[in-house]
Each structure stands twice: as structure tokens, then as C-alpha cells.
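Asks: Just dropping this structure here.
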Amino acid sequence: MDDLARWQELLPLFIAAVWCHGPASPFLPATFEPVVMAYGQTHAPLLVALSAAMISVVMEAMNYLGYGYVLRSNRLGGLRTASARLTSLFQRWPFLTCLLVAATPLPDWSARILGAIARYSISRYLAAFLLGRTTSFWLLATIGQQFQPPRSVLVIAAAGSILLTYGAVCLRRLRARTGHARGHSPRTVQA
């Protein structure tokens, strides 16, 4: 198989990485992992891990810059004040925090927000994400290769993640509406 055909086979992986690690990433938790496992069934886990990690880090750079721009706007001054304590904790071990977030199921947007607010070095931030994601993607691709989970299970896992996330959002909105319809805010404490 020539190199062009191999890269063409990876195109859906790149598209999934762009989608799942782009601006919509907070709404697509655990959606990309089954894709990595599926590709691990047919490709070398290291190739899958490096390809997925490189694309996800490119998207992470765009997210980081976008979040930084939005978070530094004058309209969000209160958010910066409220997050000062978390930012000070983040600044103790920023590389390790980013590495752990990238390598585990912890939400990556948390490190993205704290890094942007703290103005953490983008090169160090991206290096931590590259290292963490390469490790986790390699592990997932290896699991896919070794255990060969059925594709239907992987599709159900990805779709289930999306449905759970959007279901939770819809349920929260429905509860907020019914709370407002009764004449009280769902955030107020009743005596």
C-alpha cells in the first residue's frame, strides 16, 4: 500500500479529531476515544496515536487562542476575579495539570480555560497536550488492536456519549423552565 492511500485511510480520523477536539469538544466528551479504538484495529497503534494527537493539538492551539481572546475581554472581568483562586492553584503545576487532563478522561476545557486565564506558555501547554494525548491515544489504539471490540459497540459508545451530554443539557433547560414557570428561580433556596 502506498503512502497516499495510507493517509487517505486516516482522513476520517483527522476529520473526527478536528470535530471532537475543536470548539464543540465540551459537548462531545468521550466521543473520539471509540474512533481511536476502531482505527487501532486496522492500523499500527503508534501511527494512530501520533496522527490523532497531532491534529487534536492543532485544534487545541486554536481553542486555546480563542478561549484566551474571549476570557480576556472586558465583559468577562467577573469570571477572571472568580477564577483567581483556581488560577493560582493551576500555576503551581501547570504542565503537570495539562498533561494529566490530556492523558485522562478529565475535561480538557478546564485546563484550556485556566491556561488561557493564567496566560500559560502556549508552547508548554501544547507540549503537555501532545505528550498526554499521544499516550492516551496509543493506549486506546492498542486496546482496539488487542481486544478488537465490535464496531457496533464503538459506534454505540460514541453515540451514547453524545446523547447523554445533550440529554443532560436538555433536562437542565427543562428544569430551569419549569422552575421559572412556577415563579421562582431554581437557584434560590426555599425556606
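Asks: Checking Asp108 against (1) under 21 Å from Ala53 (Cα atoms); (2) modelled with pLDDT of 90 or more, which test does it fail?
Replies: With respect to (1) under 21 Å from Ala53 (Cα atoms); (2) modelled with pLDDT of 90 or more, Asp108 is out only on (2).
Asks: How many of the residues in the stretch 110-126 are touching a helix residue (DSSP H, G or I) at 6+ places or on another chain (Cβ under 8 Å), surrounded by fewer than 16 Cβ atoms within 10 Å (Cβ to Cβ) and either of a type in the set (A, V, I, L, M, F, W, C) or not in a loop (DSSP other than H, G, I, E, B) (or both)?
Replies: Final tally of qualifying residues: 3.
Asks: Surrounded by fewer than 18 Cβ atoms within 10 Å (Cβ to Cβ), at pLDDT 80 or above and either in contact with a strand residue (DSSP E or B) (Cβ under 7 Å, 6 or more places away or on another chain) or over 14 Å from Leu11 (Cα atoms) (or both): is that true of Val70 in this structure?
Replies: So Val70 fits the description; yes.
Asks: Please enumerate the residues belonging to the stretch 7-28 that are surrounded by fewer than 22 Cβ atoms within 10 Å (Cβ to Cβ), closer than 22 Å to Leu139 by Cβ and not hydrophobic (A, V, I, L, M, F, W, C).
Replies: Glu9, Pro12, Ser25
Asks: Out of Thr97, Thr135, which single residue is modelled with pLDDT of 95 or more and either small (Gly, Ala, Ser) or in contact with a helix residue (DSSP H, G or I) (Cβ under 9 Å, 6 or more places away or on another chain) (or both)?
Replies: When all the criteria are applied, what remains is Thr135.
Asks: Here is a list: Leu130, Leu154. Which entry is surrounded by 17 or more Cβ atoms within 10 Å (Cβ to Cβ), modelled with pLDDT under 95 and assigned to a helix (DSSP H, G or I)? Don't jump to the end; show me each part of the working.
Replies: Details: Leu130 fails: modelled with pLDDT under 95.
Result: Leu154 is the single residue among Leu130, Leu154 that is surrounded by 17 or more Cβ atoms within 10 Å (Cβ to Cβ), modelled with pLDDT under 95 and assigned to a helix (DSSP H, G or I).
Asks: Here's a follow-up. Quick one: count up the residues across the stretch 17-31 that are in contact (Cβ under 8 Å) with a residue 60 or more places away in the chain and out of contact with any Asp or Glu (no Cβ under 7 Å at 6 or more places or on another chain).
Replies: Matching residues across the stretch 17-31 total 6.
Asks: Let me ask something additional. Quick one: what pairs do we get from the stretch 49-64, first residue in a helix (DSSP H, G or I), second surrounded by fewer than 17 Cβ atoms within 10 Å (Cβ to Cβ) and among the aliphatic types (A, V, I, L, M), C-beta under 7 Å, 6+ apart or different chains?
Replies: Ile55/Val18; Met59/Val18; Ala61/Ile122; Tyr64/Ile122
Asks: Which pairs do you get when a residue that is at negative phi and part of a loop (DSSP other than H, G, I, E, B), found in the stretch 158-187, comes within reach of a residue that is modelled with pLDDT of 85 or more and among the hydrophobic types (A, V, I, L, M, F, W, C), reach meaning Cβ atoms under 7 angstrom, with the pair 6+ apart or on two chains?
Replies: Pro186/Ala176
Asks: Check off (1) modelled with pLDDT under 90; (2) surrounded by fewer than 19 Cβ atoms within 10 Å (Cβ to Cβ) for Thr31 and give me the number that stays unchecked.
Replies: Status for Thr31: all satisfied but (2).
The values are calculated or read from the model by the stated rules, or taken from the named source; none is laboratory data. Every value quoted in this text rests on a predicted model; they were computed, and no experiment measured them. Cβ atoms come from the backbone with ideal geometry, glycine included; neighbour counts cover every protein chain shown.
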